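The values are calculated or read from the model by the stated rules, or taken from the named source; none is laboratory data. Source: prediction; values computed, not measured. Glycine gets a Cβ as well: all are built from the backbone with ideal geometry, and neighbour counts include every protein chain shown. Keep in mind that these areas ignore ligands, DNA and RNA; they rest on the heavy atoms of the full protein, side chains included. Shrake-Rupley method; radii C 1.70, N 1.55, O 1.52, S 1.80 Å.
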Amino acid sequence: MKTLSLDTALAACSVAIADGDKILAREWIDLPRGHAERLFDLIGAVEAAAGLTAKQMDRMAVTVGPGTFTGLRVGLAAAKGLALAVGCPLIGLSTLHTVALGARQEMAGKGGLLTVAFDARRDEVYHQTFDHTLTPLTDPVIARRAEAARDILSLAKEKDAPLTWLGTGAPILMPLLDGLGEISQSANQPDAGCLALFANHLEDVAPYPAEPLYLRAPDAKLPKTRLFKT
Amino acid sequence: MSAPLTILGIETSCDETAVAVLRGTPDARPQILSHLVLSQIAAHAPYGGVVPEIAARAHIEALDDLIAAALKEAELTFSDLTAIAATAGPGLVGGVIVGLMTAKGIAHAQNLPLVGVNHLEGHALSVRLTEEATFPYLLLLVSGGHCQLLAVEGPGNYHLYGATIDDAVGEAFDKTAKMLNLPYPGGPSVERAALAGDPARFDLPRPLIHRPGRDFSFSGLKTAVRHAAEGLGKERLEPQDVADLAASFQAAATDVLANRAAHAMARFIEDYPGATRTLVVAGGVAANQHLRSHLEAAAAARDFALIAPPLQYCTDNAAMIAWAGLELFALGHRDTLALSPRARWPLDQKANHPGAKV
């Protein structure tokens, strides 16, 4: 089983190819802007390094958000085009879950809960909590910082388990809970390598549709009252 | 004659998701093997205009299935294609990104050449999808986002004669419709309301009409419509008021367009003395029948033939993108997969005109 995976939803651009349990090639660059221009350079590079082409893939995988609306659409549109042209399934995974995958070893070793949180600005965070096997315990959501902290605390109490934090939202939320838990040493950005391995191991791809996960409504206001009645 | 090219075209720069497949050569009218347009009008209607983020979301939801449907209708697979053409700008960049990145994905996986098409060039060449129009010709490009007069010498070769200094004419139609409480999109609804109206009831200005040159201005006209409506001193406009205001606005806008086109025809004759005299009108506002009949008269007075693409190729569509892609491809044009989506992209890159930047 071979998967080509990509992520452009946040402040990096990453692409990988994995065959079964093995990552054959992986590129990861810190890139706040310019995903649309750089993405296919990286795809070409991992294909060359793996000695494979897109047409030889069994699956494609992509992060679907939450992230920047533009960024997540750059990767998702590219992945949709690739999957359509290759004729293979496309797996979509949230950026929160993809980041959690990077902490697999760490969590297997120490147990407890893993909360992944990203700064969503406007006093909000995106967050999702997983058990030590990285099975999601909550859905990915957007919430006010205080509300998110409250919910995470009550889940940690309910499960009576130590808490590990990961993501750009961790240093925002942790102080709101008097430093509860500890910050993970794993990477706080999605890594396409982890995503490709995850996709290779899926038996059923149906629960992971490649649909955007915006978590925020479009910024649009309905017009004011009309000038005249008719 | 060269071998026929088979081109898949993708258009996502505003509020239509569109895909088409063409086969042909630049020297004859192509076979349009499929031509699908998914309109987002209903999604934007409550806002009285296109909301960029709503548009981008709708494009990414629909585009891959629409591509599959267009190929199926054409009874082709990706391996039958010569190249992929996608709008790379100008327009709402969120939508442009969706179409261009999807096109890059297909081009990469199938090892197909990519041609990034300027949306305006799609409109500029659209007439050649169905009509005999030899270069050079004079183009009046009128839509919700654009209002320009250009001499078209060939693909990639345009000379700007004039452009709007404020609003596009389609924008003026939309804003007038909004003011008169007519449904979105404003172009067709103003035209429909005007059918029952008296174009002479309100004496609206014809901006710039007594000045030389080929530029347009519509923001003053839009304001004049509002003053005329407020001048009635009514809280509620009667249907006849709405019809008369719509007709008066449409007449004024048409007079401006016809006058500026006449000045451009004079310039075209100077620049291309031996050329066939052809005035092409394209873009969504070219669907307006009142405008077409007045342009027809203005053209006839100067021995120009007016040619307009059929309505379905005047409004945004992907057949025109595939066609522009075909013409450019035949001239050797190729883009790399590093191509940037562009919000702004003037057709005449030499021109330094504020109205030509989009």
Worksheet item: With A:ALA148, A:ALA143, A:ALA217, A:ALA161 as the choices, which residue is open to solvent by 60 Å² or more (accessible area, probe 1.4 Å) and outside the structural domain of A:ALA9 (by TED's automatic domain parsing)?
Response: A:ALA217
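Residue by residue, here is whether (1) within 11 Å of chain A (Cβ to nearest Cβ); (2) at pLDDT 95 or above; (3) within 21 Å of B:GLY283 (Cβ to Cβ) holds:
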{"residue": "B:SER34", "(1), (2), (3)": "no, yes, no"}
{"residue": "B:LEU38", "(1), (2), (3)": "no, yes, yes"}
{"residue": "B:PRO46", "(1), (2), (3)": "yes, no, no"}
{"residue": "B:ILE54", "(1), (2), (3)": "yes, yes, no"}
{"residue": "B:ILE67", "(1), (2), (3)": "yes, yes, no"}
{"residue": "B:ALA88", "(1), (2), (3)": "yes, yes, yes"}
Fill in: One residue from B:GLY122, B:GLY105 being away from chain A (no Cβ under 14 Å), farther than 20 Å from B:LEU295 by Cβ and either crowded, with 24+ Cβ neighbours inside 10 Å or without any contact (Cβ under 8 Å) to a residue 24 or more places away in the chain (or both)
B:GLY122
Worksheet item: Pairs under 6 Å by beta carbon, first residue within 11 Å of chain A (Cβ to nearest Cβ) in region B:168-189, partner open to solvent by 30 Å² or more (accessible area, probe 1.4 Å) and assigned to a loop (DSSP other than H, G, I, E, B), six or more apart or different chains?
Response: B:MET179/A:LEU227; B:ASN181/A:ARG226; B:ASN181/A:THR230
Response to the item:
Scanning region A:54-73 for residues that are part of a strand (DSSP E or B), crowded, with 24+ Cβ neighbours inside 10 Å and either out of contact with any Asp or Glu (no Cβ under 6 Å at 6 or more places or on another chain) or not assigned by TED's automatic domain parsing to the domain that holds A:ASP7 (or both) gives A:MET60, A:ALA61, A:VAL62
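Kindly indicate which of A:PRO207, A:PRO175, A:PRO190, A:PRO223 is away from chain B (no Cβ under 14 Å), in a loop (DSSP other than H, G, I, E, B) and either basic (Lys, Arg) or over 23 Å from A:ILE29 (Cα atoms) (or both).
A:PRO207
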Item to complete: Name the single residue, out of those in region A:23-53 being within 12 Å of another protein chain (Cβ to nearest Cβ) and open to solvent by 60 Å² or more (accessible area, probe 1.4 Å), that is nearest to the chain's Cα centre (by Cα).
Response: A:ARG33
Worksheet item: Hey, any hits in region B:55-76 for a residue that's open to solvent by less than 10 Å² (accessible area, probe 1.4 Å) and under 25 Å from B:ALA172 (Cβ atoms)?
Response: yes
Discussion item. Going residue by residue through region B:155-172, is there one that turns out to be over 26 Å from B:ALA351 (Cβ atoms) and not charged (D, E, K, R)?
Written reply: no
